[in-house]
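Below you'll find the structure, written out as C-alpha cells, and then a few comments.
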Amino acid sequence: MPGRQLRGRGWCGPGKGGKGGEDEDEDENEEKGYDENQKFDEFEGNDVGLFASAEYDEDDREADAVWEEIDKRMDSRRKDRREARLKEEIEKYRASNPKITEQFADLKRKLVTLSAEEWETIPDIGDYSLRNKKKRFESFVPVPDTLLEKARQEQEHVTALDPKSRAAGGAETPWGQTPVTDLTAVGEGRGTVLSLKLDRLSDSVSGLTVVDPKGYLTDLKSMKITSDAEISDIKKARLLLKSVTQTNPKHPPGWIAAARLEEVAGKIQAARLLIQKGCEECPTNEDVWLEACRLSNPDEAKGVIAKGVKRIPNSVKLWMQAAKLENDDFTKRKVLLKGLEHIPDSVRLWKAAVELCNEEDARTLLGRAVECCPLHVELWLAFARLETYENARKVLNRAREKLPKEPAIWITAAKLEEANGNTPMVGKLIERGIRALQREGVVIDREEWMKEAEAAERAGSVATCQAIIKNTIGIGVEEEDRKRTWVADAEECKKRGSIETARAIYAHALTVFLTKKSIWLKAAQLEKSHGTRESLDALLRKAVTYRPQAEVLWLMGAKEKWLAGDVPSARAILQEAYAAIPNSEEIWLAAFKLEFENHEPERARMLLAKARERGGTERVWMKSAIVERELGNIEEERKLLDEGLQRFPSFFKLWLMLGQLEERLGNLDKAKEIYEAGLKSCPSHVPLWLSLANLEEKTNGLSKARAVLTMARKKNPKNPELWLAAIRAESRHGNNKEADNLMAKALQECPTSGILWAASIEMAPRAQHKSKSADAIKKCSPHDPHVTTAVAKLFWRERKVDKARSWLNRAVTLAPDIGDFWAYYYKFELQHGTDEDQKDVLKRCIAAEPKHGEKWQTISKAVENSHQPTEAILKKVVVVLGKEESLKGCVRCCCGELLNVTGSALAAWITPNYESTCNNVDFNHSFPETKHSNIHFAGSKNDLQTV
C-alpha cells in the first residue's frame, strides 16, 4: 500500500535523481485536495477534478431522478405552445404558397354547373407544348466573322463567272474574294433584336401568351415600315394580336389593335375585314364602331355608323360622328335631333345642335334643353342671353330655383342689369346672391370670385366687377392682414392687365384705410399709368383732403398740372400745400422748380430768399447758387456759396460748386485750395477727389494727379470710381501697361464692380473680348447694366444687330435712370434701326427721365443746357459719343501687331500727316502708348473716323 500510494503520486526514488522541489509541490497538492496540473476537461471544466474521486450513491441517484422529472414537466408545458406555433407557421406558409390544385379547386367545383353548349363554346388553346415552343435565349455572344463568312459562302448562289475564271476558261476559282459587308448577317441580327423586343412585350403565363393591346396601340401609331426587319416585326405583332382575338374575342381593344396593325402595314382591306369582325363580336362597344367608321370608305362610313347607332342608340360619340359625316348643316342638325330623341339628357348633343341653328331656332331648342337638362348651368345662361330683357330675368329666376348653389347665375343677372342701364341693381344683386349662397352652405372662395370679377371686366361689365370686389374682397382675410393682402391683390391684378379690378380693390381699401398714404400713392400711380388726367386729379384732390400733411400727394398733383401745361393750377396747388404744411422745404423747392423751369427766375429767387430766411437747409443754398449761376451773377453766386459753406461745411456739393466756379473763371490755384479745403471737411466724398485730380492733371501733369488718386484710394478703399479714374489717367498718357496693372489690382479689390469690368472689356484686345465678357458676367450679377452695355457694344461692333439690340434694351430696362445707356441705345437705332424703333427709344427715354450717367450729367448740368428737355439732352449726348468714337483708330505695326491707339495721340499726329490719296501709309512714328516704330494705317480717312 505505501508503495502503491507513492507510485500514484509520481514518486521517484533516489536512483532516478528526484529533486527536493517536487516534494514541496506534492505537499501543496495534498493541502488543496486536488492536483492543479491534471488535464482540463472541456465539458466539465475544472470541476471534474473536484468530484472525480467521489462515489455515486443513492442520494445522487434520487437527486438526478428528481431533476429529470422536473425537466420532463417543464418540457411538457412548453410542448403545447411549441406545437401550436409550428402549426401556425406551416399554415401561414401554405397560405402564402398554395399548390396549383388548391388554387383551382373552387373553379373545378364550379365546372359541374356548365352545360354542354357552354363546354362547346370554350375556344381551343392551341398547341403550346414545349415540343413546339421556340427556345428562348437570354444572352447572345457575337458570332465570329469567319463563321458568318463560311455560312454566307455555303448559302451563296453564283450566276456569273469571275473575270479571272473566264480568262482561265472557267476552270479556276478565285480565292481572293472577300466581301466588305455581310448584309444578310446584319438583317438576321436586326431580326433577332426585334424578336427580343417583342418577347419583352409579352409574358408567358401557364403556356398562354398575354399582350397588352392598349399599350401596343400606342406603339402602332408611331410605326413606319422602312426595312425588311420592320416587316418581320409586323409579322410577329400580327401573330400576337391574332392570339389575343382568338383567346378573347369579346375584347374590343384587341380587334382595334389588329386593324390598326394592318393599316400600318398598308393592308387596308384586311384592316376593314378585321374591324368588321370585331363589330360582330363586340356589337355594344362604341370604340369598335368608331374605328370601323374611320377605316371605311366615305361612302360606306355612313352605313357603318348607322349600324352602330342601331346597336347602341344611347352612344353620344356615335351620334356625334354620324353628324360629322354629313355635309350640310341642315342634315347634321337633323341627325343630332334624332340622337336627342334617344338621349334627351345629353348636354353635348344639345350644344352641337344649338350651334347649327339660327337665333330663333336656338332659342326654341334651348327652351327644350333646359327642360331635359335642368341641372346644367351653361344651357340656362345661353338661353338667357338669347332672350329679351324681361324674359331673360324670368329664365334666370327659374335657373336660380333649379340651381340654388350656382354663383354664375347671380353674376349673369348682375351683368344683365348693367347691360340694360340698371346699374344701382348690380350691387344689390351681388350682395343678395352672396347671402343666398351662404344660406345654401356654399363656401365663398375669395380667389374664385376675384377671377369672376376679372372675367366681368374683360366682358365690359365694370359695375359688376366693382360690386364683386366690394362684397368679396374682405372674406377670409384677417383684420391685421387686410392692407397688405389688398395691396398685393391689386398689384397682381395690375400685372395681369385687370386695371378696373385693381382700381376697385384700391377704392374699397381707401374706404377702410382713409388715412393710409401708401394706398393713396398706389392708387395714384395706377391712375397715372392707366387712367386719365381728370381721374388722377380727382383722386389726388380726395387724397389731400384726408391726408393734408402728405407732401408727396400735393407735389404729385402740382406736377401733373405742370406736365399738362396748366402752370397757374400747379401754383395754386402748391399754395394750398404751403398753407397746409407751412414749413415744408419740399414744397418750397417744388415751387422754385416750377418757376425756374418755366423761365421765371425772379419768382424763383424770391421763393428761395424766403426759404433762406425761414432757415432752409443746404439744398436751399445750393439751389440759390444755381439760380445766380443761371443769371450770370458771379459775385452773388460766390457770396451764396460762401455763406452756405459757413452754415453747412460738411455739404460737399457747395465746395464742388465753388471750385467749379473758380475753374470757370480761370483761378486754378484758388480752385485747388477750395478742393483741398473741401476734402478736409468731406474726405469721403469721391467727386471732390476726382475734381482735384483732374485739376492737378491739367496744371501739373500726371504725377500729381496720380498722387491725389492714390491718396483718395487710401482714404476711400474699395471705391471703383477712384480706381477707374486712375486707370483712365494712365491710359490718356499712353501708359497702357500701368493701366493694365491698375485694372488687375482694382478687380482684386472690387471684384463685383460693373463699371470696372466694363472698362476692362473695353481695354482688352479683340481676341480676349469674349473671355473677358464671360468673366464679367460671372463675377458681377448678370443684371449689371454696365457689363450689359459693354457686351452690347461688342455685339454692335461685330454687326450682330439683333443681339446688340437685345442687350441694350436689357441695360436700359435694368437702369432707366442712367442716361448714357439711353444714348448708346438711341445711337444704335440711328445706325441700324427703323424710324419706329428710333421713336420708341426716344419715347421711352423721355418717360424714364434719366438723371445720371457720366456723359449725361456733364451735358445736362452745363449752364447752356439747364432748361433743355430730355430729348435735346439725349441727342447732344449721342453727338458727344460720336465724336469720341471718331478719335479711335486702328493702327498696325510693321511687325504685324494690331494696336488700338486712341485719344489725342492719334488725332494730333495722324490727321496732319495723312494723305488721302494712299490707302496704306508708313508713318515711321513711335507712339508713346505703343512703343512701336514704323507704324502704318490701312484704309481711308473715312474708315479711320468710323472704326
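The values are calculated or read from the model by the stated rules, or taken from the named source; none is laboratory data. On a predicted model such as this, the values are computed, not experimentally measured, just so you know. Because the Cβ atoms are built from the backbone with ideal geometry, glycine has one as well, and the counts that use them run over all protein chains shown. Ligands, DNA and RNA are stripped out before the accessible areas are found, and what is left, the full protein with its side chains, is counted by its heavy atoms. Shrake-Rupley method; radii C 1.70, N 1.55, O 1.52, S 1.80 Å.
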| How far, in nm, would the chain grow between Ala677 and Leu273 when pulled straight, counting 0.36 nm per residue and subtracting the alpha carbon separation? | 134.9 nm
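What order do you get for 827-837, 412-422 when each peptide is scored by the mean count of other beta carbon atoms within 10 Å, highest first? Mind dumping the intermediate values first?
On the way: 827-837: 14.5, 412-422: 19.6.
Order by mean packing, descending: 412-422, 827-837.
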| said: Spelling out what I want: for every residue of region 60-76, take phi, set θ = phi - 60°, compute 6.51 cos²θ - 1.76 cosθ + 1.60 (Karplus), and round to whole Hz; glycine and proline get x. | reply: 5, 5, 5, 5, 5, 5, 4, 5, 5, 5, 4, 4, 5, 5, 5, 5, 5
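Given a Förster distance of 41 Å, report the FRET efficiency between Lys302 and Val347 from their Cβ-Cβ distance, rounded to the nearest 0.05. Could you put the intermediate results ahead of the total?
Values: r = 25 Å, r/R0 = 0.61.
Working from the Cβ atoms, E equals 0.95.
Per residue, how big is the convex hull around the C-alpha atoms of region 612-680? Give it to me in cubic angstrom, could you? Walk me through the numbers before you get to the answer.
Working: hull volume 4.9 nm³, N = 69.
Each residue corresponds to 72 Å³ of Cα convex hull volume.
Going by average Cβ density within 10 Å per residue, which order do the peptides 803-815, 630-642 take, highest to lowest? Kindly include the intermediate steps, with their values, before the conclusion.
Values: 803-815: 19.8, 630-642: 15.8.
Ranked by mean Cβ neighbours within 10 Å, highest first: 803-815, 630-642.
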| message | For q values of 0.16 Å⁻¹, compute log₁₀ I(q)/I(0) with the Debye formula on a Cα-only model of region 513-603, without solvent. | response | -0.61
| What is the Cα coordinate range of region 736-834 on the first, second and third principal axes, sorted by size from largest, in whole angstrom? | 43, 28, 20
| request: Scale the Cα Rg of region 255-314 by the rule-of-thumb value 2.2 N^0.38 Å and send over the ratio, two decimals. | output: 1.03
| Whole-percent pair-distance distribution, where bins are 10 Å wide, for the alpha carbons of region 637-715 | 21, 53, 24, 3
| said: Counting other C-beta atoms within 10 Å, and keeping those with at most 15, which DSSP coil trypsin sites (Lys or Arg not before Pro) do you find in region 642-731? | reply: Lys718
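Whole number please: convex hull volume per residue of the Cα set in region 318-402, in Å³?
Numbers: hull volume 6.2 nm³, N = 85.
Taking the convex hull of the Cα positions in region 318-402, it is 73 Å³ per residue.
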| Solvent-accessible area per residue for region 258-325 at a 1.4 Å probe radius, Å²? | 51 Å²
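Which percent of the accessible area of region 508-547 is formed by carbon and sulfur heavy atoms (probe 1.4 angstrom)?
Numbers: 1110 of 2140 Å².
For region 508-547, the apolar C and S fraction of the accessible surface comes to 52 percent.
Could you work out the relative contact order of region 457-531? I mean the mean sequence separation of Cα pairs under 8 Å and 6+ apart, divided by the number of residues, in percent.
30 percent
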| note | Taking a crude spin-label model, label points 7 Å out from Cα along the C-beta direction, the Glu89 to Ile777 distance in nm is 6.9 nm
| task | For Val552 and Thr532, calculate 0.36 nm times their separation in residues minus their Cα-Cα distance, and state this gained length in nm to one decimal. | result | 5.3 nm
| field | Intensity falloff of region 461-551 expressed as log10 I(q)/I(0), Debye formula with alpha-carbon point scatterers, at q = 0.12, 0.20 Å⁻¹ | value | -0.34, -0.97
| request: Would you kindly give the portion of the calculated P(r) for region 650-771 that falls above 17 Å, as a percent of all Cα pairs? | output: 58 percent
| task | Express in nm, to one decimal, how much length is gained between Val443 and Ser703 on full extension, taking 0.36 nm for each residue of separation and deducting their alpha carbon distance. | result | 85.7 nm
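Sort 849-860, 108-119 for me by packing, meaning the mean count of neighbouring Cβ atoms within 10 Å per residue, highest on top. All intermediate terms of the calculation are to be shown ahead of the outcome.
Working: 849-860: 17.0, 108-119: 8.3.
So the peptides 849-860, 108-119, ranked by packing, come out 849-860, 108-119.
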